[in-house]
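First the structure, in the form of structure tokens, and then the observations on it.
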Amino acid sequence: MSQTVNRILEKKRLNKSDLVSLLATGEEERKLVFQEAASIKAQYVGNKVFYRGLIEFSNLCGKNCLYCGIRSGNKSAHRYELSEDEVMQAARYAWENRFGSLVIQAGERSGANFVGRIERLVGRIKDMSKGELGITLSLGEQSEQTYRRWFDAGAHRYLLRIEVSNPELYHRYHPRNKTHDYQARLNSLYLLRKLGYQVGSGVMIGLPFQTLEDLAEDLLFFKKHDIDMVGMGPYIEHENTPMYRYRDKLIPKTERFILSLKMVAVLRILMKDINIAATTAMQAIDPMGREKSIKVGANIIMPNLTPSLYREDYLLYEDKPCTDEDAEECKRCLEARIHMAGGEIGYGEWGDSKHFKKRRK
Ligand code: 5AD
Ligand code: SF4
Ligand code: FES
């Protein structure tokens with residue numbers, strides 16, 4: 001088997017069956033995959049880890065994804081929205097601590113007030129930081145006009161996970177209606193690219209009914225759509241969601257974690273110069289989850305800046321870490337963890353995806 005793995009790792013172009021083989025590796029062979037990913041990372045992106053301070057702006061959401069703890073159908077979620085002052089305080093913290101960039105994330109909404117508030121906040125953050133803070137948005141599917149307004153206000157990256165690239169599976173994990181349409185989501189990714197955003201996407205790993213072939217297709221999806229940055233992590237069940245009923249069909253959490261690490265490593269091998277996030281969901285399963293992701297290819301971390309009071313409410317899945325901590329604690333904690341993983345923090349830098357820069361040229 002390790003011979004086969006070695007042969008695959010020597011290939012210039014990986015096809016679907018190569019990717020499946022790499023994802024299927026057992027304990028010994030997967031070390032080869034991890035080593036290769038680490039060496040590609042060192043060669044193409046170096047050991048710098050860039051921060052994106054995460055502001056979970058609101059857990060109000062108009063959608064009802066069947067896996068998500070803050071879906072509109074979960075009536076037991078306590079809903080909140082940060083005030084503009086709270087956002088500005090978090091942004092100032094990021095700027096003063098030289099985080100380089102921010103991510104503003106929230107459930108998906110499209111009302112005029114919401115769109116205007118985000119636009120104003122983006123502008124205020126740009127002014128406050130003298131243009132120094134990079135701003136990433138993660139606010140779901142929006143109209144072209146909304147995306148343009150936010151871009152013009154100063155946002156330059158956008159995260160929109162495809163969640164699962166197989167349309168059939170997509171419709172299995174989402175209600176079958178107009179607001180949860182695979183093609184519409186794909187179209188949003190095209191619009192973002194057209195408008196000039198650096199485009200991020202991602203998937204969940206270890207979903208019920210998902211196969212290694214599906215995951216290999218997810219990786220090829222990122223390649224086909226020439227995605228600049230990827231955030232992906234294990235699917236983690238949440239009690240108040242319809243998908244909880246499939247919990248017996250899931251692979252054990254530790255296996256979901258290993259599979260997620262393999263996805264990060266194989267993606268680094270497939271797309272050498274993109275940005276890959278060490279996601280929070282990795283740490284929900286393994287206390288060292290983010291460090292391990294960094295070792296096998298990830299180069300982005302999103303320290304949580306949401307005011308402590310609200311963290312418990314942005315509960316997408318069980319065991320989400322950092323809900324009892326504040327910005328300062330997460331900062332210190334992450335610094336130690338990144339150093340342990342042999343990384344260096346890219347303070348004060350935007351850390352744009354090298355891939356994006358190359359496409360621009
Ligand atoms: N497990 C893991 N990730 C989840 N997300 C939502 N619900 C879950 C869950 N139960 C992810 C989705 C979404 C991101 C903000 O959180 O991929 O895009
Ligand atoms: Fe809303 Fe996003 Fe959760 Fe779907 S995954 S319900 S869009 S917050
Ligand atoms: Fe939040 Fe470690 S990163 S407590």
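For the stretch 139-159, the candidate set comprises residues that are surrounded by 23 or more Cβ atoms within 10 Å (Cβ to Cβ) and within 16 Å of the chain's Cα centre (by Cα); within that set, the residue that is farthest from ligand 2 (Cβ to nearest atom) is 157. Does residue 326 qualify as being buried (at least 16 other Cβ atoms within 10 Å of the Cβ), without any contact (Cβ under 8 Å) to a residue 24 or more places away in the chain and either under 21 Å from residue 99 (Cα atoms) or within 16 Å of ligand 2 (Cβ to nearest atom) (or both)? It is true that residue 326 is buried (at least 16 other Cβ atoms within 10 Å of the Cβ), without any contact (Cβ under 8 Å) to a residue 24 or more places away in the chain and either under 21 Å from residue 99 (Cα atoms) or within 16 Å of ligand 2 (Cβ to nearest atom) (or both). Residue 281 fulfils the conditions (1) within 16 Å of ligand 1 (Cβ to nearest atom); (2) closer than 18 Å to residue 98 by Cβ except for a single criterion, (2). Looking only at residues in the stretch 31-84 that are in a loop (DSSP other than H, G, I, E, B) and touching a Pro at 6+ places or on another chain (Cβ under 6 Å), the one that is farthest from ligand 2 (Cβ to nearest atom) is 66.
Scanning the stretch 331-342 turns up no residue that is touching a strand residue (DSSP E or B) at 6+ places or on another chain (Cβ under 7 Å), at pLDDT below 95, more than 30 Å from residue 60 (Cβ to Cβ) and outside any helix (DSSP H, G or I).
Conditions tested, residue by residue: (1) within 14 Å of ligand 1 (Cβ to nearest atom); (2) under 16 Å from the mean Cα position of the chain (by Cα); (3) under 22 Å from residue 23 (Cβ atoms); (4) aliphatic (A, V, I, L, M).
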{"residue": "254", "(1), (2), (3), (4)": "no, no, yes, no"}
{"residue": "260", "(1), (2), (3), (4)": "yes, yes, yes, no"}
{"residue": "268", "(1), (2), (3), (4)": "no, yes, yes, no"}
{"residue": "302", "(1), (2), (3), (4)": "yes, yes, no, yes"}
{"residue": "319", "(1), (2), (3), (4)": "yes, no, no, no"}
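Applying the set (1) under 16 Å from the mean Cα position of the chain (by Cα); (2) within 13 Å of residue 298 (Cα to Cα); (3) part of a helix (DSSP H, G or I) to residue 218 leaves exactly one unmet item: (2). Only one of these conditions is not met by residue 239: (1) crowded, with 22+ Cβ neighbours inside 10 Å; (2) part of a loop (DSSP other than H, G, I, E, B); (3) not β-branched (Val, Ile, Thr). Which number is it? Unmet condition: (1). Residues in the stretch 329-352 that are in contact (Cβ under 8 Å) with a residue 12 or more places away in the chain and among the small types (Gly, Ala, Ser) were compared, and the one that is nearest to ligand 1 (Cβ to nearest atom) is 351.
Going by the structure shown, is residue 16 without any contact (Cβ under 8 Å) to a residue 24 or more places away in the chain and not polar (S, T, N, Q)? Give the derivation first.
Working: without any contact (Cβ under 8 Å) to a residue 24 or more places away in the chain: no; not polar (S, T, N, Q): yes.
When the stated conditions are applied, residue 16 does not pass them.
Summed over the stretch 176-187, the residues that are under 17 Å from residue 204 (Cα atoms) and either touching a residue at least 24 places away in the same chain (Cβ under 8 Å) or hydrophobic (A, V, I, L, M, F, W, C) (or both) give a count of 3. Candidates in the stretch 167-211 are the residues that are crowded, with 18+ Cβ neighbours inside 10 Å and among the small types (Gly, Ala, Ser); of these, the one that is farthest from ligand 3 (Cβ to nearest atom) is 188.
Selection of first residues in the stretch 137-163 that are part of a loop (DSSP other than H, G, I, E, B) and of second residues that are surrounded by fewer than 22 Cβ atoms within 10 Å (Cβ to Cβ) and acidic (Asp, Glu), restricted to Cβ pairs under 6 Å at least 6 apart or on distinct chains, gives the following pairs, ordered by first then second residue: 140/108.
Close Cβ contacts (under 8 Å, 6 or more residues apart or on different chains) running from residues in the stretch 299-313 that are closer than 20 Å to residue 85 by Cβ to residues that are basic (Lys, Arg) comprise 304/311; 313/79.
Annotation note: Cβ proximity below 9 Å between a residue of the stretch 59-75 that is farther than 20 Å from residue 164 by Cβ and away from ligand 1 (no atom under 12 Å from the Cβ) and a residue that is part of a loop (DSSP other than H, G, I, E, B) and β-branched (Val, Ile, Thr) (sequence gap 6+ or interchain) occurs for 60/70. Of the residues making up the stretch 274-323, those that are part of a loop (DSSP other than H, G, I, E, B), surrounded by 23 or more Cβ atoms within 10 Å (Cβ to Cβ) and of a type in the set (Ser, Thr, Tyr) are 279, 306. Taken together, 195, 189 contain a single residue that is of a type in the set (A, V, I, L, M, F, W, C) and touching a helix residue (DSSP H, G or I) at 6+ places or on another chain (Cβ under 9 Å), which is 195.
The values are calculated or read from the model by the stated rules, or taken from the named source; none is laboratory data. For clarity, every value in this text was computed on a predicted model and none was experimentally measured. Positions of Cβ are backbone-derived with ideal geometry, glycine not excepted, and every protein chain shown enters the neighbour counts.
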